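K.L.:
Sharing a structure here in structure tokens format.
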């Protein structure tokens with residue numbers, strides 16, 4: 001991964017290992033910052049909004065939806081701008097904006113300010129998109145499954161450390177983790193300013209077209225590349241189904257098991273550790289052995305079985321056991337992304353990543369609101385029959401549909 005491969009348009013200059021390391025660190029630190037705040041967000045919503053846990057879950061769902069909507073609108077723009085002006089300026093801008101947003105969240109006096117912070121975080125959340133395009137710039141097509149697996153590992157490890165620290169810091173107050181997250185992001189910006197070179201050479205850049213830079217334009221562009229649009233739609237259904245976790249995990253654990261902020265952080269840390277191990281160490285070798293399609297299908301089936309398991313588990317030991325089985329789900333996103341990068345030209349990798357992010361975010365926008373409302377509806381105090389688990393059962397049904405559609409898509413590829 002230390003050299004940029006020859007592209008269709010030209011041969012870019014070598015990219016030093018510090019640059020690739022920085023990209024992986026960026027993904028890692030972004031997830032540390034994101035994970036830091038997850039254990040304390042329910043408490044912060046309750047304190048600022050003066051509401052109970054069931055209502056806080058619904059508000060939290062709307063906040064995540066605001067974050068996803070902002071990413072949906074701005075991700076294709078940022079991806080296309082990076083195809084025109086390069087990865088470096090857009091990546092640094094996103095990192096700096098995220099650090100400033102955490103400061104805003106730490107100072108937020110009302111729910112409206114919290115919503116504003118989530119929207120800004122969504123706009124600045126394009127660092128993942130541009131990092132993916134950067135990796136596509138500097139890796140050969142056949143090596144991208146492994147490379148995206150390494151990004152997934154950085155994502156997972158960041159999600160190990162972030163929630164664990166956030167849970168502990170949350171004991172000092174729900175706003176403390178936001179200040180720490182801000183410091184992490186701003187330090188990463190300073191590091192990147194000095195070590196990050198540009199990965200996209202002038203001959204590989206293309207003219208900026210506004211119609212391609214809006215999310216709906218990105219969908220139209222997908223249709224111009226063979227086999228891209230159907231897979232993107234299946235990936236969108238997968239994202240919708242798995243959005244049940246950011247929507248309700250924290251609220252579900254507190255309601256069903258009485259978890260503290262520290263316990264929430266611990267569970268999220270274990271979840272991230274397992275995901276990082278599977279993505280970082282197993283994606284490349286297993287995809288080479290079994291093929292990207294087969295391994296991705298296996299991941300979808302495991303995701304379906306595990307989410308149903310969460311809906312029926314009644315002990316914390318059972319939750320930890322299911323987390324181990326949760327690992328193969330981490331194969332799906334990097335493998336399907338790797339398949340898709342082979343179907344678009346080299347000068348459209350940023351556009352592809354921006355479009356994929358738009359799909360992911362619109363799916364998670366609807367998914368988080370849907371599953372948060374499902375949880376809040378069935379856990380409301382005035383319900384005759386109350387359950388913390390209905391959202392997981394529904395998500396299992398959607399993942400079963402995802403598996404069927406992916407299998408049909410796989411068979412159509414052979415036809």
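K.L.:
May I ask you to say which residue of 273, 268, 308 is touching a residue at least 40 places away in the same chain (Cβ under 8 Å), surrounded by 23 or more Cβ atoms within 10 Å (Cβ to Cβ) and more than 19 Å from residue 144 (Cβ to Cβ)?
P.N.:
Numbers: 273 fails: surrounded by 23 or more Cβ atoms within 10 Å (Cβ to Cβ); 308 fails: surrounded by 23 or more Cβ atoms within 10 Å (Cβ to Cβ).
Selected residue: 268, the only one of 273, 268, 308 that is touching a residue at least 40 places away in the same chain (Cβ under 8 Å), surrounded by 23 or more Cβ atoms within 10 Å (Cβ to Cβ) and more than 19 Å from residue 144 (Cβ to Cβ).
K.L.:
A further question follows. Can you name the helices (runs of 4 or more DSSP H) wholly within segment 214-271 that have at least 3 residues being more than 25 Å from residue 300 (Cα to Cα) and at pLDDT 80 or above?
P.N.:
On the way: elements: 215-222, 228-242, 244-257.
Passing ranges, in order: 244-257.
K.L.:
Checking the conditions here, which among 330, 396 is within 20 Å of residue 128 (Cα to Cα) and either crowded, with 24+ Cβ neighbours inside 10 Å or in contact with a helix residue (DSSP H, G or I) (Cβ under 7 Å, 6 or more places away or on another chain) (or both)?
P.N.:
Values: 396 fails: within 20 Å of residue 128 (Cα to Cα).
Exactly one residue qualifies, and that residue is 330.
K.L.:
What is the number of the single condition among (1) under 30 Å from residue 143 (Cβ atoms); (2) free of Cβ contacts under 8 Å to residues at least 40 places away in the same chain; (3) outside any helix (DSSP H, G or I) that residue 384 does not meet?
P.N.:
Residue 384 satisfies all of (1) under 30 Å from residue 143 (Cβ atoms); (2) free of Cβ contacts under 8 Å to residues at least 40 places away in the same chain; (3) outside any helix (DSSP H, G or I) except (1).
K.L.:
Just to be sure before I move on: is residue 363 in contact (Cβ under 8 Å) with a residue 60 or more places away in the chain and assigned to a helix (DSSP H, G or I) in the structure I sent?
P.N.:
yes
The values are calculated or read from the model by the stated rules, or taken from the named source; none is laboratory data. Fair warning: this is a prediction, and the values are worked out from it, not measured in the lab. When we count neighbours, we look across all protein chains shown, and the Cβ atoms used for this are built from the backbone with ideal geometry, even at glycine.
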